[in-house]
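J.: Before I ask anything, let me first share the structure, which is written out below as structure tokens.
The values are calculated or read from the model by the stated rules, or taken from the named source; none is laboratory data. Here the structure is a predicted model, which means the values were calculated and not measured. Cβ atoms come from the backbone with ideal geometry, glycine included; neighbour counts cover every protein chain shown. Please note that ligands, DNA and RNA were not included when accessible areas were found on the heavy atoms of the full protein model with its side chains. Shrake-Rupley method; radii C 1.70, N 1.55, O 1.52, S 1.80 Å.
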Amino acid sequence: VRGRRPGQRHHPRAAVTDQHTDAPAALTERRGNVMIITINRPDARNAVNAAVSTAVGDALQAAQDDPEVRAVVITGAGESFCAGADLKAISRRESIFHPDRGEWGFAGYVQHYIDKPTIAAVNGNALGGGTELALASDLVIAEERSKFGLPEVKRGLIAAAGGVFRIVDQLPRKVAMELLFTGEPITAAQAREWGLINEVVPDGTVVEAALALAERITCNAPLAVWASKRVAYGVDDSVIAGDEAGWQRTMREIGAVLRSEDAKEGPRAFAEKRAPVWKAK
């Protein structure tokens, strides 16, 4: 979970391409003092593989290292924000993490603290890992059609990219526990009602809305904004201290879950288009 302090340079690689499409796994664009990072696997609903984790993680670090970047917007290409982990890559026993900076976590993002404010521009469904990207962002704007949820229990898994402990921090406990236990999604309107996201906007307008919010942030004194974020999150040496215990528990529990028969049955039943048969072992 340890990132680099401001001033420590991490030089991003050349554009990271998806080996199956040869397209860049993530796109970056500068709009004034804002960096836009777009996960670029629309045919896979922007599911996260190693190329995405590398491209997003490197872009995020480049934003941290550049004093001219004062906010980051993350979004998805096409009609989906992020469908979570790339299950096909996992079935091929491929790592879905950054090969050099695995401590940055899922998508190179969920454990990768930067001082610059981050805004998730959710353009469609954000389920599983997509919701975990939103939970890891400072602010979230979503299109009306978007849905949020942590369906991992339906597959014999848990939301191990920060979802289990962050959802309880960011929603009323009873609401969060319902999401965790049922695996059922909520709409963008419900997410706004419960304070999980900041704003709901018409479909097709979310990036511009996120940029408008970023402009309200970047007009302020950058050092004061960054210091405010560190204090608000309880950050020491680029680590959110309060998250450490949650990550340790998550890693312990997911390790045990992944060794279970149920963890194999869930994806198998999904692939075979049938209801799973759980054995609680």
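J.: So how far apart, in nm, are the two label points at ARG93 and LYS273 if each is 7 Å from Cα heading toward Cβ?
T.: Result: 2.9 nm between the two label points.
J.: What's the carbon and sulfur percent of the chain's accessible surface, probe 1.4 angstrom, rounded to a whole number?
T.: Of the solvent-accessible surface of the chain, carbon and sulfur hold 53 percent.
J.: Next question. Which order, highest average first, do 57-69, 163-175, 251-263 follow once you tally other Cβ atoms within 10 Å for each residue and take the mean per peptide?
T.: 57-69, 163-175, 251-263
J.: Still on this model: When only alpha-carbon atoms count, how far does segment 112-151 stretch along each of its three principal axes, as whole angstroms with the largest first?
T.: In descending order, the Cα extents are 30, 20, 9 Å.
J.: What is the set of long-range amide H partners of ALA71 at a cut-off below 5 Å, with H atoms built 1.01 Å from backbone N?
T.: Result for ALA71 returns MET35.
J.: Across the Cα atoms of segment 39-136, what radius of gyration and what greatest pairwise Cα-Cα distance (Dmax) are found, in Å?
T.: When restricted to the Cα atoms of segment 39-136, Rg and Dmax are 12.6, 41 Å.
J.: Which length gain, in nm to one decimal place, applies between VAL239 and TRP194 when the Cα-Cα distance is subtracted from 0.36 nm times their residue separation?
T.: Details: separation 45, 0.36 × 45 = 16.20 nm, distance 2.72 nm.
Length difference between fully extended and current span is 13.5 nm.
J.: At a Förster distance of 30 Å, what's the computed FRET efficiency of ALA212 paired with THR187, Cβ-Cβ distance as r, to 0.05?
T.: FRET efficiency, ALA212 to THR187: 0.85.
J.: Now for a separate question. Consider all pairwise Cα distances in segment 108-263 and report the whole-number % of them above 22 Å.
T.: 44
J.: Evaluate E = 1/(1 + (r/R0)^6) for ALA23 and MET177, where r is the Cβ-Cβ distance and R0 equals 30 Å; express this FRET efficiency to the nearest 0.05. Intermediate values should be presented prior to the final figure.
T.: Details: r = 39 Å, r/R0 = 1.32.
Plugging the Cβ-Cβ distance into 1/(1 + (r/R0)^6) gives 0.15.
J.: Please report the projected area of segment 123-178's Cα convex hull averaged over all directions, in nm².
T.: Across all orientations, segment 123-178 yields a mean hull projection of 3.9 nm².
J.: With θ taken as phi - 60° and the coefficients 6.51, -1.76 and 1.60, list the Karplus ³J(HN,Hα) couplings across segment 269-281 in order, rounded to whole Hz; mark glycine and proline as x.
T.: 5, 4, 5, 8, 6, 9, 6, x, 10, 7, 10, 6, 7
J.: Helix 206-218 versus the longest principal axis of the chain: what angle, 0 to 90°, nearest 10, using Cα atoms?
T.: Approximately 40 degrees, to the nearest ten.
J.: Report for the chain the percent antiparallel among DSSP-assigned beta bridges with both residues inside it, nearest 5.
T.: Details: 11 of 31 bridges.
In the chain, DSSP labels about 35 percent of beta bridges as antiparallel.
J.: Further question: Against the 2.2 N^0.38 Å scaling, with N counting residues, where does segment 32-92 land? I'd like the Cα-based Rg ratio to two decimal places.
T.: Rg over 2.2 N^0.38 Å, computed on Cα atoms: 1.22.
J.: In nm, what is the difference between 0.36 nm times the number of residues separating SER260 and ARG31 and their Cα-Cα distance?
T.: Roughly 77.7 nm would be gained on extension.
J.: Would you grab the residues whose amide H sits under 5 Å from the one on VAL122? Only those 5+ places off in sequence or on another chain, please, with H modelled 1.01 Å from N.
T.: The answer is ILE141, ALA142, GLU143.
J.: Based on the alpha carbons, how large is the Rg to Rh ratio for segment 128-216 when Rh follows Kirkwood?
T.: Ratio value, two decimals: 0.98.
J.: Could you give me D for segment 211-271, from Stokes-Einstein at 10 °C and 1.306 mPa s, where the hydrodynamic radius is the Kirkwood radius over C-alpha pairs? Units µm² s⁻¹, please.
T.: Result for D is 104 µm²/s.
J.: Can you give the charge dipole size of the chain about its Cα centre, rounded to the nearest 20 debye, using +1 on the beta carbon of Lys and Arg and -1 on the beta carbon of Asp and Glu?
T.: 720
J.: Could you work out [θ]222 nm for the chain from helices alone, using -39500 (n - 2.57) per DSSP H run of at least four and dividing by all its residues? Round to the nearest 500 deg cm²/dmol.
T.: -11000 deg cm²/dmol
J.: How large is Rg/Rh for the chain, to two decimals, with Cα atoms and a Kirkwood Rh?
T.: Value, to two decimals: 0.95.
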